Structure formats: structure tokens, C-alpha cells
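Reading through the C-alpha cells given below for one structure.
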Amino acid sequence: MGDTVAVSVHVAPHPDALVARLCDTLAEPPEDPFAPELVAVPTRGIERWLTQRIASELAARGVGDGIAANIEFPSPRQLVREVLLAVPGLAGSVEAWQTDQLISNVLAAIDAHSNAPWLRLIERYIEADEANRLAAATKIGRLFATYGRRRPEMIRAWALGEDIGPDGAPIAAGDAWQPGLWRLVRGQIGIPSLAELLPAGLEPIRSGDVQLDLPDRLAVYGLTATDPLDLQVLTALGEQRDVDLYVLHPSPALWEAMSGQPTPAASSREKDPTAALPEHPLLASWGRDSRELQLVFTGAGLAGSTTAIDQADDDSLLHRIQADIEANRLPAAAVADRSIQIHVAHGARRQVEITRDAILHALKADPTLQPRDIAIMTPDLATFAPLLEAAFPTDSDDLPDLRLRIADRSPAAVNPLVRFAATVLDLADSRLEAERIRELVTRPVVQKHFGFDLDTAALITKVIDDSHISWGLDGEHREAWQAGTGDERTWSRGLDRALAGVFYSDDPVRVVAGNAPLAGIEGGEATPVGLLAAIMDRVVAIRETLTDPMPASQWGRAIADGVRMLASPGWDDEWQLGQLERLLAETFPEPAPGNPDPVLSLAEARLAISSWIETRPSPLHFRTGDVTVCTLVPMRSVPYRVVCLLGMDD
């Protein structure tokens, strides 16, 4: 097959044009009818939309019956990783230099050379805050991983002992610690990085000596950015398979203009001669990523064929701007219409209300417009999601039933046990203020675990108030916070009073072991006291387990045990515990053989799980027929008829 295959680059300004080109290929069935098609996509939202478009497009052509099946949709990064792992000479490097292992080795290198003068800049940052140690290692590890993908020449020079920057010149004094630290990490890992092994290491793929579990043709759809390393792998695949890259580019005219330009030798944006080619101001600013993507293609020896789209009979402001960008020309005279609306509001709630009203007006003005044609995008989903849910009620007598589908909430937003893991770490690192425990007993997962309801939770809160508990376990705990050794208004003193009140009748002058028993809690009133004592016993055990530093791989089990001591999911929500355990395994993995298992403090463990509040798109929540609410990334390449942007004031 080696003489008939190639890497083809298809460029278009609109997703529909790219889908049409993709369906031109898919309409021809493979030789093996059971062989799956492979289409790599950048996000799960694109996967859902593309599946629907492939099904409808092929059905319109009379191919199939409107069902898209037996298509695999990995991410481009996942596809490249699987290919590299199939090469025996590269698999070890892929595993050893993956980001989590790299971060562990950076931590170990920093700890082992903390007194080195050339690392003083990093040490000053770490000394400012206990959690900064892991934060610094994480940022540096990810930076080194990015260098390997985007600056392989620099990494190869570092491996040879040459301290150069991305432009090939000697590295700046402020960054001089980076090559030295990278070489320390390289020595600890003991395996060359991919930058050192490529492109020669891809020869088994080019020659076909490696058997890859991939179809004879594959596609990468919706590329808006890529790394040189990924292109090296894809072009090597093109020696044995048909590889089609579908690139969404805002301006075919700019693509053609750049096609005749030589590859810039400079690596800095300030010295890029192609920066002057865009004529339209939006194309010059917002289109920078697309222009630089073409430079990456040019550097890999790839050229693309552009596809023009039919211009709609539309003289709106939006269409004029789109046409000017596609043609790479200066903006034409503006027209007065409402195809683009900019609303200025004084707060997030008002922005949401304006968005709701604008959507209702659009639906009323256009009978063909459906909720599935509308997307609401925001960079701050955590702030706007609850406001949107409140502003779009499904049971209102005054507003139409306009349902929202929030597509990519974080695990902590949808799983109370994931959210509770952060609470467990906060308890272990807190003064144990009474307010924390009052809030704790209102959590449904805690009530489920201990078997009480909201009414009992209110009684527990009353016991805390009547016992005059303020904060601190005991005098020793308060002393650790430099607040003296007295145990007045501590949990130890307050619980002693409450428990004494269970066993002794009310007596205004009775004193038991120096405590006046709490009055009015005999009989059935003793239940809240017993529950509070049991909860605080578990809290004390969690504190004793989590307060001291421990190896990173042990934190996952310790946090899971702490959650199980205080919380339980509902009988039909066992998936919540499974998701929590998977997240803990991802965040605190077992070290690979020969790799360090750095010790983390409680503050660093809290920082490690902070990523759980980040959005994680799921394909099940996109294109469901409702109005889609998501962040700016997962659906930015989907041609919705109405797009509303919230929270763009920053």
C-alpha cells in the first residue's frame, strides 16, 4: 500500500463543508465491511454533533439508512499515543515521560537539589506557601512535556548539554535553571525522551514493520491546533495508510496567501513575517492560532486544498463580517440589524436574564428555530450554570418550557462524594469551627451514612449551640493555633457536657468531672448527642490520618477512607463512589517501577484535587434537543444558528 497512500489536508471555513468532504470518503465502504472507521475529534461535543451530521449527510446521499455506527472517535492525542505505544523502541519513553510521572520526577529533583544556588528562584517560590512545592513541580512538569511536543530541537540540545532557548540562541539568564533541572529529571528517568528519539524512531511505522491495530484509512476532524510531534506521527502513518486531516480555517483566502510564503526561520511571534498577511482586523487578532497552525503544517511539508462555500443570500451584518473574513479583506460598511447583538449589563444575573429574553425573542421571530439550534457558552460555567437554571424554569406559568442541558460540568458539580472529598481535607486542616460541623450535618451524604434526617440535623445543631462550642478539639489543638491551652468552648468540653446530660437528670447545681451536665436531653433527646459524638470521633480519626505528610500514592486510599467514614451515596447512586475512586487513582497514581513516589503534605493534596472542579465534557449532554450550555471550547466548531456568549466582560 505504500505507493498509494498519503496525508491529505482539507481546509474549509465552515464545518458543513468539512463534513461533506469527510462523507465523500465514508460513502465508499472499506474492503472489510466489519472494519470500523476511525475519526479523531478534539472534543466529546464535536463527536456527538459529527455523528449526527454523518448519519444525516449519508442518508441524504442514499448511503445507509440514517444511522452512523461502527465509527471510533478517539482524540488526536489519544490516537498518537496509541501509535507510539505500539513501537517497541518508543513505548518505554511514552510511559516514562507521561505528565504524571514527569511531575513526580520534577518533585524529586527539586527536593534533592533544593540548596543548589541555580534553583534559588524555585526555592523562594516554594518557601512562600507549603502548597507551592507541588504547584511548581506541576507547572514545570507540564512545561517540560510541552517543550518535548513543540520544541524538540531545544530538548535535543539540552540533552547534549547546550543551554539554548527556543530560538536557538543562548537561553536567557532568568530561565537558565530550566536546562539544568531538565537534565536532572532526564538522569532520574534514565530513558530518552520522545524528542530525542524522533523522527528516527518512527521508521518502523513508515516501513510497516510494526503491526498497528488501525484501519486502512483514518481521519482527524476539526483541527484548529496541533503539535509538531503529532504531525510527525500522522505523516509517518501516511506512509502505510490513508490519513485525511480536516482543518477548520476561518479564511481560505489567507490560507492561499500563506501557501506561497517560505517557512519563517524565526520562532518568536514578534519576528513572524506572515503576521502582516491578514487584512481583516479580527482575522489578524483572533485568527492567529489558525495562521500558526498553517505554519506547523508547512514545517511538516504538508499543504492543504481549500474548499469554498456557497454564499447565502443574506445581507446581514453577521454575514458581511463572515464573508470579509473568508475573503481576507477589510470590513465593508456596517448595516443596522440585530444579527449581532452586544448587551451591557451590571452583573451575572442580569446577563442571564437578558440572554433568556433574547432567546425567547429569536424563537418567536423565527418559527423554524428550535432549542437544539441554540448554544449558550461561557468561560465561567460554575458561576452561570445555577443562574441559568433559575432563569429558565421548566414549570413556570409565565415563561415557555425552555429546557437547558448543561453539557460539561465538573465532577464536583455532579457528584456529591467528589465534592465531599475536598470537605474531608478541609476538616483535617481546619480549626474545626462549630459552623463547619453545623454545615456538615446538613449534607445528604452524611445524613445517609449515619441514618438521620433534616429534623435530626436541626437537633444536632441545637446541641452544638446549647453546649456553647466555638472551635478547637481541646486545649492542645488550640495551642497549635497559638490560642492558649484553655479548653473552654472546645469540642472536648462541649461534648463532655452533652454526654453528661444524657446520664444525669437535670440539676442546676450538679457538677460531673468539672462539667455542668447539659440540661433537657434525656430520653429521646439523647439521639442527637450520640450522633454528634460519633461524627466527631470520625472527624478526629480523619485528622490523625491526614495531618501528616505521606507518599503521593497513599493519599488516594487515605482520602477514600476518610470519605467512607463520614458519607455514603444513595442506594441507587453507587456510581458516585466508583467515580470518586477513579479520580483518586488518576490524581494519585501508583508510581511506575523505578520512579519516585514523592511525599506530599495535606496542603499539597488539597491542591492536587483542585482540578476536580474543572469542566469535563461528556458526549451524552450535547445535541440532546435542548438549549446547550457549555464552556467556550467543546462546541466552538459546531455551527449553531444562535450563539449566546456570557461572562465575556473579563
Please work out, to two decimal places, the log10 of the ratio I(q)/I(0) at q = 0.12, 0.14, 0.18, 0.20 Å⁻¹ from a Debye calculation in which every Cα of the stretch 239-372 carries one identical scatterer. -0.69, -0.85, -1.07, -1.17
Quote the charge dipole size of the stretch 384-459 about the Cα centre in Debye, to the nearest 20; the model charges only the Cβ of Lys and Arg (+1) and of Asp and Glu (-1). 400 debye
How much length is gained on full extension from residue 272 to residue 599, taking 0.36 nm per residue of separation minus their Cα-Cα distance? 113.3 nm
Over 5 Å intervals from 0, what percent of Cα-Cα pairs in the stretch 371-460 sits in each interval? 2, 10, 16, 15, 15, 14, 13, 9, 5, 2, 0
I'd like the antiparallel share, as a percent to the nearest 5, of DSSP beta bridges with both residues in the chain. 10 percent
Whole-percent carbon and sulfur contribution to the accessible surface of the stretch 225-299 (1.4 Å, no ligands, DNA or RNA) stands at 52 percent
So what J values fall out for the stretch 229-241 if you push phi through Karplus, 6.51 cos²θ - 1.76 cosθ + 1.60 with θ = phi - 60°, rounded to Hz, Gly and Pro as x? 4, 4, 5, 4, 5, 5, 5, 5, 4, x, 6, 10, 9
For the chain the mean separation of alpha carbon contacts under 8 Å (6+ apart) over residue count, i.e. relative contact order in percent, is 20 percent
Considering only protein heavy atoms, what per residue accessible area in square angstrom results for the chain with a 1.4 angstrom probe? 49 Å²
Selection from 384, 361, 199 lying farthest towards where the dipole of the chain points positive, charges on Cβ: 199
Quote the charge dipole size of the stretch 205-356 about the Cα centre in Debye, to the nearest 20; the model charges only the Cβ of Lys and Arg (+1) and of Asp and Glu (-1). 620 debye
What is the Cα coordinate range of the stretch 27-96 on the first, second and third principal axes, sorted by size from largest, in whole angstrom? 48, 30, 12
Find which of 41, 642, 145 sits farthest along the positive direction of the dipole of the chain, computed with +1 on the beta-carbon of Lys and Arg, -1 on that of Asp and Glu, about the Cα centre. 145
Round to the nearest 0.05 the FRET efficiency obtained for residue 315 and residue 343 when R0 = 30 Å and r is the Cβ-Cβ distance. 0.80
Can you work out the Karplus-derived ³J(HN,Hα) for every residue in the stretch 278-293? Use 6.51 cos²θ - 1.76 cosθ + 1.60 with θ = phi - 60°, whole Hz, and x for glycine or proline. x, 8, 6, x, 5, 5, 5, 9, 6, x, 4, 4, 5, 5, 5, 4
Of 135, 13, 536, farthest towards positive along the dipole that unit charges on Lys, Arg, Asp, Glu beta carbons give the chain: 135
Give the accessible area for residue 209 in Å² (nearest 10); use a 1.4 Å probe, count only protein heavy atoms, and leave out ligands, DNA and RNA. 120 Å²
In debye to the nearest 20, how big a dipole does the chain give about its Cα centre with +1 on each Lys and Arg Cβ and -1 on each Asp and Glu Cβ? 780 debye
Pseudo-spin-label distance residue 56 to residue 370, built 7 Å along Cα→Cβ, given in nm, is 0.7 nm
Tally up the carbon and sulfur contribution to the accessible surface of the stretch 391-476 as a whole percent, 1.4 Å probe, everything protein left in place. 45 percent
Shape call, the stretch 280-347: gyration tensor on alpha carbons, a/c limit 1.5: oblate
Specify which labelled value, from (i) 52, 35, 24; (ii) 50, 33, 19; (iii) 44, 30, 22, agrees with semi-axes √(5λ) of the Cα gyration tensor in Å derived from the coordinates of the model shown. (i)
Using a 7 Å offset from the Cα along the Cα-to-Cβ direction at both residue 116 and residue 458, what is the distance between the two label points in nm, to one decimal? 6.3 nm
Order the peptides 286-296, 162-172 from the highest to the lowest mean number of other Cβ atoms within 10 Å of their residues. 286-296, 162-172
Just tell me which lysines come within less than 21 Å, Cα to Cα, of residue 462; anything on the same chain fewer than 8 places away is out. 448
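The values are calculated or read from the model by the stated rules, or taken from the named source; none is laboratory data. Computed from a predicted model, the values in this text were never measured in an experiment. Ideal geometry is used to build each Cβ from the backbone, glycine not excepted, and the neighbour counts take in all protein chains shown. Heads up: the accessible areas ignore ligands, DNA and RNA and are worked out on the full protein's heavy atoms, side chains in. Shrake-Rupley method; radii C 1.70, N 1.55, O 1.52, S 1.80 Å.
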